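Report on the following structure.
The values are calculated or read from the model by the stated rules, or taken from the named source; none is laboratory data. These numbers come from a predicted model, not from an experiment. Reconstructed Cβ throughout: ideal geometry from the backbone, glycine too, with neighbour counts over all protein chains shown.
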Amino acid sequence: MKIVVVGGVAAGASVAARARRLDEFADIIVLERGHHVSFANCGLPYHVGEVIADRSRLLLQTPESLRESLDIDVRIGHEVTAIDRAAQTITVREVDTNREYTESYDALALCPGAEALRPPLPGIDLPGVQVLRRIGDMDAIKGQLDAALAHASAGDRGPVRTVVIGAGYIGLEMAENLKHRGAIVDVVEMSDQILPPLDHELSVPVEHHLRSRGISLHLSTAAAAFTVRPDGGLNVELTDSTVLPADLVILSAGVRPNTALAVAAGLDIGARGGITVDTHMRTSDPHIWAAGDSVETPHTVLPGQWLAPLAGPANRQARVAAENICGRTTEYRSTQGTSIVKVFDMVAGGTGATERQLLAANLPYRAVHVHPSGHAGYYPGTAMMQLKVLFSPDTGRILGAQAAGFDGVDKRLDVLATALRAGQSVYDLEELELAYAPPFGSAKDPVIMAGFVASNVLRGDLTLWYAQDYPDATAGARLIDVRTPEEFSIWHLPGAENVPLGSIREATAGWDHTVPLRLYCAVGFRSYLAHRALVQRGFTDVATLSGGSDTFRSWHEVAPESDEPPQPMTAYAEAAPFRAAAVASTALAQGSGVRVDLDCSGLACPGPIMKLSERMKALTPGDEVVVHVSDPGFASDAPAWARRNGHQLVAIEPEGPGYVATMRKGGAVAPAASGANAAPAGPGKTSFVVFSGDLDKVLAAFIIANGALAMGEEVSMFFTFWGLNSLRRADAPKRERKLMDKMFATMMPSGAGSLPLSQMNMLGAGAAMIKKVMRDNKVAPLPELIASAQAGGARLIACTMTMDLLGIAETDLMPGVELGGVATFLGEAAESTTTLFI
């Protein structure tokens, strides 16, 4: 029998190798268009980053080694250009010589893989715009990067700037490795999140981690064009009008199955563009099989046929194809899409269906979120992980799982992937017996904990509400925060009441049992305990936030609120890289020279803050604590805690999964001048709330703002409700909008040039008259005043709550506008000498 294999990488090499092991006398030919066979394409980014220094280690096999070990005829640089199904022959072209010849076959295996998407954008073919699929791509990218870094090291130029288009697995691996080499890295992603294979709340912790490592993310935008700069570099123009300078651009915007040969041969193609195969990996032609990235296969959970460009499924499909070619009857049942990625110190991945996919397929499901540590918290080196399990509301069958964290993520995903493949339920997870010792896990493993929580939901012992349903999920209910008062003072949901778990029984004794209660804590465990206590005390409508505030803050940027004047919450995205300038503006104690170390690694929230607070009490003003924390949430909590308690956050830097921070105890405040004639300590600060969308009022705001800037004052302007219209772009990129959002967009002015007058607008005639008078008197128009204020350093802050209400997206606003909540404004106002409401 003569077996011809088209493609010699993962699937193709596996078909040939398995066929030889089953048939020693078959004539096996592998035809590979490229000049390398059976290479480790998943390792390509790591050679660019020089993590894998030896290039030859990526070349798993060569034509010579395959001939020697398996007697396979491997021909590199040979492209199959046509299939004659009737004659059972193929046409082959030698890439280097252009010579063509014909090869016959008894069985043909198509393993052409997938090709990187290169959208038809202006400048897409410029030399500095690369894709990474093969060894040759890797060599070209590394060569350009090496040359640019060498020039930068010699002082011939500035730092090397790179742009990665696409924030999927390969894109983020490339971003990490480019950063390892010392390049400045911008990542551009069309979606509103990185890692599209994961659900939103699992991607956000990885976003925070990327930013903390110095990667700039540009979400909800895409590349529009590539142009050459005068210095020979590139400019990457984005659809939101941002322009990114780049010495090297990596396109990682996805792949599509390479099916041109199959289409030309008349083979059946599936709805998703891949080659149609049966369970034996046979195509619509009985003599042709196919495997790998180019085929569609059933999904383990979802209906229909799916593409899955993953190495594991490709190798399994290849094995099935080879066995059936050689006369065995073997079936490939399904692909569940198990995948994982490492991003600096963090790991994320998933298996089965995502929540988005289940919703799209209209399949019923339930979800639970847990945040356990990777191993026992008292053993060094662990951190909290995010674990999400999706399951059937009827049977509890596992439908999907995702995880993100720092240690032990891979083994939890493997356990859940195995359980999903076996058709097990969340009840089965409760009964697992997994390896445990403090360095490796916990007595109640994270997977088992997820099983406990999910089973509690199905048994009716626990009712959940979900962050993505906020605020509707809390409408008409008492919102109860069962964390400690100290945690509550740092951050809490607007309108929440603080009833710590320890006092929940006494505090609720006189409450109306029919009023709905919506509970939450940091990760969901304390609120679960409160839930059980309240339900058994007769409360009839009680629900707990799935995953607690940790999951909530992955969905919402909600400002802190407390009984005391609130301070700005430092969002994860803004919190790193940190500098010593990120300290409270009040007078602080001088350093005493006393410094103590505090190890809070392994402690989940609120452990680090509580331990830090306790340690601070034993110190004197000016003493410093160097605290090591593995909880990523500390990046948000630390600045807020320091401000609220009068301490100084001297520095905070990423360290492993968490941070190392230096805190200086406050208390010894330098004497300040008093009395009405006391001189100000420095330049003043003016803050505005711009509520109005009237031209005359917004003009007044920006005239005053520019005047304040000219006098050396700091200026911050918080735009809410109709005032946001002055920040809208007239040329905002098109996007999908809900019906109500479309109505608002139609009725509201489309930017500073379209605002009406508050009085005598006269269908726009009054506004036109005012603009003419301004021109005649050489007064800059509003758009120029806005630009001048931005150039002078004014902070323009858009109210995120109003944006949600009016259906305004970040891409609808002019560049340079920040997003913030009420606490952001209040924090600015607290430091201001003048606050104006317009």
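Just checking, which of ALA422, ALA417, ALA403 is over 26 Å from the mean Cα position of the chain (by Cα) and either touching a residue at least 12 places away in the same chain (Cβ under 8 Å) or farther than 24 Å from LYS342 by Cβ (or both)? It would help to see each step written out before you state the result.
Values: ALA417 fails: over 26 Å from the mean Cα position of the chain (by Cα); ALA403 fails: over 26 Å from the mean Cα position of the chain (by Cα).
None of the others qualify; the one that does is ALA422.
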Exercise. Among the strands (runs of 3 or more DSSP E) lying completely within segment 73-151, list those that include at least 3 residues that are under 31 Å from the mean Cα position of the chain (by Cα).
Key: 114-116, 129-131
Self-check item: Residue, farthest from the chain's Cα centre (by Cα), within segment 501-525, restricted to residues that are more than 16 Å from VAL457 (Cα to Cα) and part of a helix (DSSP H, G or I)
Solution: GLU506
Quiz item: Only one of ALA829, ALA767 is at pLDDT below 75 and in a helix (DSSP H, G or I); which?
Solution: ALA767
Self-check item: Which numbered condition HIS208 misses (of (1) surrounded by fewer than 19 Cβ atoms within 10 Å (Cβ to Cβ); (2) at pLDDT below 95)
Solution: (1)
Quiz item: Do you know which residues across segment 152-176 are at pLDDT 95 or above, in contact with a strand residue (DSSP E or B) (Cβ under 6 Å, 6 or more places away or on another chain) and not in a helix (DSSP H, G or I)?
Solution: ARG161, THR162, VAL163, VAL164, ILE165, ALA167
Quiz prompt | Residue satisfying all of: in segment 798-829; charged (D, E, K, R) and surrounded by 20 or more Cβ atoms within 10 Å (Cβ to Cβ); farthest from PRO733 (Cα to Cα) among these | solution = GLU828
Quiz prompt | Verdict on PRO632 being touching a Ser or Thr at 6+ places or on another chain (Cβ under 9 Å), at pLDDT 80 or above and outside any strand (DSSP E or B) | solution = no
Practice problem: Taking LEU462 as the residue in question, decide whether it is at pLDDT 95 or above, among the aliphatic types (A, V, I, L, M) and touching a His at 6+ places or on another chain (Cβ under 8 Å). | Solution: yes
Exercise. Could you run through segment 332-351 and say how many residues are within 13 Å of PRO313 (Cα to Cα) and assigned to a strand (DSSP E or B)?
Key: 3
Quiz prompt | Residue count for segment 515-547, restricted to those that are in contact (Cβ under 8 Å) with a residue 60 or more places away in the chain, under 17 Å from ASN498 (Cα atoms) and not hydroxyl-bearing (Ser, Thr, Tyr) | solution = 7
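Residues of segment 202-251 being of a type in the set (Asp, Glu), within 20 Å of the chain's Cα centre (by Cα) and in a loop (DSSP other than H, G, I, E, B), which ones?
Going residue by residue through segment 202-251, those that are of a type in the set (Asp, Glu) are 207, 231, 237, 240, 247.
Restricting the remaining residues to those that are within 20 Å of the chain's Cα centre (by Cα) gives 207, 240.
Matches in segment 202-251: ASP240 only.
Here are some residues: LEU145, LEU117. Which one is touching a residue at least 24 places away in the same chain (Cβ under 8 Å), farther than 26 Å from GLY273 by Cβ and of a type outside the set (Ser, Thr, Tyr)?
On the way: LEU117 fails: farther than 26 Å from GLY273 by Cβ.
On inspection, the qualifying residue turns out to be LEU145.
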Self-check item: Residue under evaluation GLU173, criteria (1) surrounded by fewer than 21 Cβ atoms within 10 Å (Cβ to Cβ); (2) touching a residue at least 12 places away in the same chain (Cβ under 8 Å); (3) of a type in the set (D, E, K, R), criterion not met
Solution: (1)
Quiz item: Which of (1) within 34 Å of the chain's Cα centre (by Cα); (2) buried (at least 21 other Cβ atoms within 10 Å of the Cβ); (3) not charged (D, E, K, R) is the odd one out, the single condition THR283 does not satisfy?
Solution: (1)
Quiz item: Among THR395, THR382, which is within 22 Å of GLU207 (Cα to Cα), hydroxyl-bearing (Ser, Thr, Tyr) and not assigned by TED's automatic domain parsing to the domain that holds ARG518?
Solution: THR382
Practice problem: Answer yes if at least one residue in segment 601-623 is touching a residue at least 12 places away in the same chain (Cβ under 8 Å) and assigned to a strand (DSSP E or B), and no otherwise. | Solution: no
Exercise. Within segment 657-709, work out how many residues are more than 30 Å from VAL343 (Cα to Cα) and either aliphatic (A, V, I, L, M) or at pLDDT below 80 (or both).
Key: 31
Quiz item: What single numbered condition from (1) closer than 28 Å to TRP289 by Cα; (2) in the same structural domain as ALA265 (by TED's automatic domain parsing); (3) in a loop (DSSP other than H, G, I, E, B) fails to hold for SER69?
Solution: (3)
Quiz item: Among the numbered criteria (1) buried (at least 17 other Cβ atoms within 10 Å of the Cβ); (2) hydroxyl-bearing (Ser, Thr, Tyr); (3) over 17 Å from GLN468 (Cβ atoms), which single criterion is violated by THR354?
Solution: (3)
Exercise. Find the residue count for segment 455-490, including only residues that are touching a residue at least 24 places away in the same chain (Cβ under 8 Å), of a type in the set (D, E, K, R) and closer than 25 Å to LEU805 by Cβ.
Key: 2
